[in-house]
Amino acid sequence: MLPIQEIFHILDPKESMIFLKPIAKRVALIGFLFFISYTTVLAQDGKQLFQANCQSCHAVDKVVVGPALEGLESRGPWSDRKELYKWVHNPPGYMASNAYTQGLKAQYGALMTPFPQLTDPQIDAIVSYINTSASDKAKGATTGGEPSGDKAAAGEQQSGNGGLIFGIVSLVLAIVAFILMQVNSSLKKLSDDKENIVRPEAVPFYRNKIYIAFVAILLFIVGGYFVGKGAIGLGRQEGYQPKQPIYYSHKVHAGVNQINCLYCHGNAWESKHAAIPSLNICMNCHKAINTYEKGPKLYDEDHNEINGTAEIQKLYSYTGFKPGPGAVWDPSKAKPIAWVKIHNLPDHVYFNHSQHVRAGKVQCQTCHGPIQEMDEVRQFAKLSMGWCINCHRESKVDFYNKKDSSGNKFYSIYEKFHNDLKNGKMDSVTVKDIGGTECQKCHY
Ligand code: HEC
Ligand code: HEC
Ligand code: HEC
Ligand code: HEC
Ligand code: HEC
Ligand code: HEC
């Protein structure tokens with residue numbers, strides 16, 4: 001007997017060898033598994049490409065600078081993929097002869113940047129990412145999920161890739177097992193035929209114990225993976241955009257009227273918290289500005305128009321102020337505004353704004369996105385551990401330069417790095433080098 005047959009004999013040949021008898025079924029199953037892994041590969045690449053190229057202006061389900069890309073293929077000329085390639089490669093050129101995109105330009109104002117460097121398969125990958133994350137979201141909505149968008153953190157992307165490799169390896173092993181079983185059962189049949197042995201009727205695959213055990217274990221592993229992932233994602237809320245008691249627009253204030261972020265969030269320069277400004281700060285201007293006339297039209301999430309003047313009146317009712325001739329301000333009638341907090345790290349994490357904004361010279365927008373373009377603030381970053389760590393691995397600190405005394409003086413004490421820089425052993429110092437990935441720096 002062949003050694004392979006011996007191995008499979010242990011598993012009881014009668015039951016295990018003949019399952020999924022028709023070859024067509026096996027081929028179909030393998031093909032299906034390939035299809036699944038292929039589309040997830042596409043979606044993974046697509047996610048990275050989307051984040052790198054498109055995310056600054058597009059979201060899947062929200063208007064950012066350009067339109068929401070959900071359901072893209074059912075609009076305009078985009079059901080034809082070739083048209084989409086042409087558009088992404090050269091929007092101004094495409095627009096010249098296409099009324100649909102001219103209409104978009106009129107609606108959105110900005111013009112999309114050209115991406116001549118993106119290949120057709122890369123654009124396919126982006127579309128496939130858009131489609132999968134749109135359908136994920138639809139699923140989330142039917143199960144009452146929060147509007148949290150794509151939760152996978154940058155850090156988990158690595159474990160996601162690990163999962164992908166694990167998936168591919170298991171797939172290959174499964175295929176090898178199938179082929180071996182198939183070879184084995186054919187050999188068995190041949191030898192049976194030759195020796196004229198008549199075997200009892202084969203056990204159908206759904207009653208085959210090995211098959212059932214295999215499926216059960218598979219379900220257990222896959223289920224465990226998603227439960228774990230879901231548990232880590234609990235409390236994360238990328239994309240969170242609650243309704244605030246006053247429709248206060250950052251676009252109007254920080255964008256159109258160019259008010260510096262630190263005018264209202266000055267604490268970010270000095271302390272751990274950026275903090276929300278008190279109503280006194282609003283009243284510095286709104287004692288005088290009691291109507292909203294000059295700025296752009298405002299809309300809420302459901303595209304209902306907002307009356308800016310009425311929103312300023314709400315501010316007055318919170319502050320106890322009566323505008324107009326003979327204006328009165330009665331602080332005893334004032335009541336605090338219950339702004340809904342959007343960004344929320346768990347209690348076990350220490351995060352300090354001044355450390356990043358002042359010492360690290362990180363722009364607010366790097367972490368909070370284009371706030372000056374948002375009417376209502378939306379959580380831009382994941383605020384996951386992977387997100388913090390990835391930036392610490394890449395970002396250089398403002399290291400002290402002994403020659404011209406530039407840079408952050410605090411770092412003059414790092415003798416070893418100064419020597420290494422001098423000897424050319426390192427060319428820059430990252431946050432990781434100064435300990436920015438040590439657990440106790442971020443965890444209480
Ligand atoms: C600089 C901002 C910007 C970037 C970056 C950008 N877009 Fe756009 N996109 C727009 C704007 C604005 C429009 C609306 C048309 C116009 O005014 O040019 C648009 C329109 C589109 C449309 C048509 C949408 C519809 O509703 O029919 C598609 C598709 C599209 N973009 C895909 C992409 C892809 C894919 C990427 C990344 C490779 C990308 N865009 C990157 C700004 C951008
Ligand atoms: C005129 C005052 C003012 C200015 C200027 C201003 N903000 Fe705000 N900001 C607020 C108020 C009020 C809130 C709370 C209401 C809200 O969330 O929209 C807020 C909320 C936020 C939040 C969300 C806080 C949370 O709940 O997690 C972020 C982030 C933020 N601002 C960042 C910025 C950035 C970045 C800039 C500069 C581009 C800026 N702000 C400019 C007044 C201001
Ligand atoms: C530095 C001056 C300044 C400060 C401080 C300021 N605003 Fe404004 N606000 C403006 C200007 C300018 C407009 C636009 C008026 C126009 O376009 O007619 C405006 C418009 C508004 C509007 C109507 C448009 C919209 O965003 O819905 C509201 C509501 C408003 N402000 C609330 C606030 C609140 C709440 C604060 C305090 C957190 C605040 N403002 C602080 C200058 C200021
Ligand atoms: C390195 C990333 C990073 C940068 C840069 C940054 N923030 Fe934040 N911001 C965060 C995180 C993380 C939170 C959540 C903090 C928490 O929950 O303890 C936050 C919270 C906030 C809040 C909510 C109130 C609070 O203090 O928790 C406001 C407002 C805010 N940031 C404004 C700003 C402004 C304005 C700037 C620029 C001057 C800025 N942030 C720069 C990461 C950043
Ligand atoms: C966009 C990049 C970026 C992100 C995102 C970021 N950081 Fe940082 N972080 C920096 C930089 C730059 C410094 C160095 C500041 C300095 O020079 O002291 C720093 C420093 C720190 C330090 C001090 C490290 C040390 O060794 O002294 C802590 C703690 C820290 N960050 C926590 C966090 C946490 C927690 C998060 C996530 C919620 C986060 N950071 C997200 C860029 C970032
Ligand atoms: C740069 C800052 C930073 C460093 C360094 C860091 N963490 Fe975290 N960690 C975070 C943040 C932010 C969260 C919250 C993530 C969330 O809300 O999902 C977190 C969450 C966690 C959690 C809860 C599980 C989760 O993912 O939510 C554990 C456990 C943890 N960290 C362990 C560690 C250990 C162990 C180390 C050292 C190897 C470490 N952390 C280093 C920022 C950091």
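The values are calculated or read from the model by the stated rules, or taken from the named source; none is laboratory data. Predicted, not measured: the structure shown is a model, and the values here were computed from it. Cβ coordinates were reconstructed from backbone atoms using ideal geometry, including for glycine residues, and neighbour counts include every protein chain displayed. The accessibility values were calculated without ligands, DNA or RNA, using every heavy atom of the protein model including side chains. Shrake-Rupley method; radii C 1.70, N 1.55, O 1.52, S 1.80 Å.
Among the residues of the stretch 229-276, those identified as in contact with a helix residue (DSSP H, G or I) (Cβ under 9 Å, 6 or more places away or on another chain), closer than 25 Å to N352 by Cβ and either of a type in the set (F, W, Y) or modelled with pLDDT under 90 (or both) are I232, G233, Y263, W269. Of the candidates C367, C391, C442, the single residue that is near ligand 5 (Cβ under 8 Å from one of its atoms), surrounded by 11 or more Cβ atoms within 10 Å (Cβ to Cβ) and within 30 Å of N304 (Cα to Cα) is C367. Listed by first and then second residue, the pairs with beta-carbon distance under 9 Å, at least 6 apart or on different chains, first residue in the stretch 98-110 and assigned by TED's automatic domain parsing to the domain that holds H58 and under 12 Å from P67 (Cβ atoms), second open to solvent by 70 Å² or more (accessible area, probe 1.4 Å) and more than 16 Å from ligand 5 (Cβ to nearest atom), are Y100/R75; K105/L111; Y108/V63.
Considering only residues that are open to solvent by less than 60 Å² (accessible area, probe 1.4 Å) and β-branched (V, I, T), look in the stretch 88-143 and name the one that is modelled with the lowest pLDDT. This residue is T132. Restricting the stretch 246-274 to residues that are loosely packed, with under 15 Cβ neighbours inside 10 Å and part of a loop (DSSP other than H, G, I, E, B) leaves a set whose member that is farthest from ligand 3 (Cβ to nearest atom) is K272. When the stretch 408-425 is filtered for residues that are part of a loop (DSSP other than H, G, I, E, B) and under 23 Å from H356 (Cα atoms), the ones remaining, listed by number, are N408, Y414. Give the stretch 43-62 a look and list any residue that's assigned to a loop (DSSP other than H, G, I, E, B) and at pLDDT 85 or above, or say none. Scanning the stretch 43-62 gives A59, V60, D61. Of the helices (runs of 4 or more DSSP H) that lie entirely inside the stretch 287-401, those containing 1 or more residues that are in contact (Cβ under 8 Å) with a residue 40 or more places away in the chain and away from ligand 6 (no atom under 16 Å from the Cβ) span 308-319, 364-368. For the stretch 220-234, does any single residue satisfy the condition of being open to solvent by 40 Å² or more (accessible area, probe 1.4 Å), outside any helix (DSSP H, G or I), touching a residue at least 60 places away in the same chain (Cβ under 8 Å) and within 22 Å of R378 (Cβ to Cβ)? So far as the stretch 220-234 goes, no, none of its residues is open to solvent by 40 Å² or more (accessible area, probe 1.4 Å), outside any helix (DSSP H, G or I), touching a residue at least 60 places away in the same chain (Cβ under 8 Å) and within 22 Å of R378 (Cβ to Cβ). Quick one: is D80 modelled with pLDDT of 85 or more and open to solvent by 40 Å² or more (accessible area, probe 1.4 Å)? Yes. Regarding Q313, is this residue closer than 24 Å to P242 by Cβ and outside the structural domain of P296 (by TED's automatic domain parsing)? Answer is no for this residue. Among the residues examined, I210 qualifies as assigned to a helix (DSSP H, G or I), surrounded by 11 or more Cβ atoms within 10 Å (Cβ to Cβ), of a type outside the set (D, E, K, R) and touching a Ser or Thr at 6+ places or on another chain (Cβ under 6 Å).
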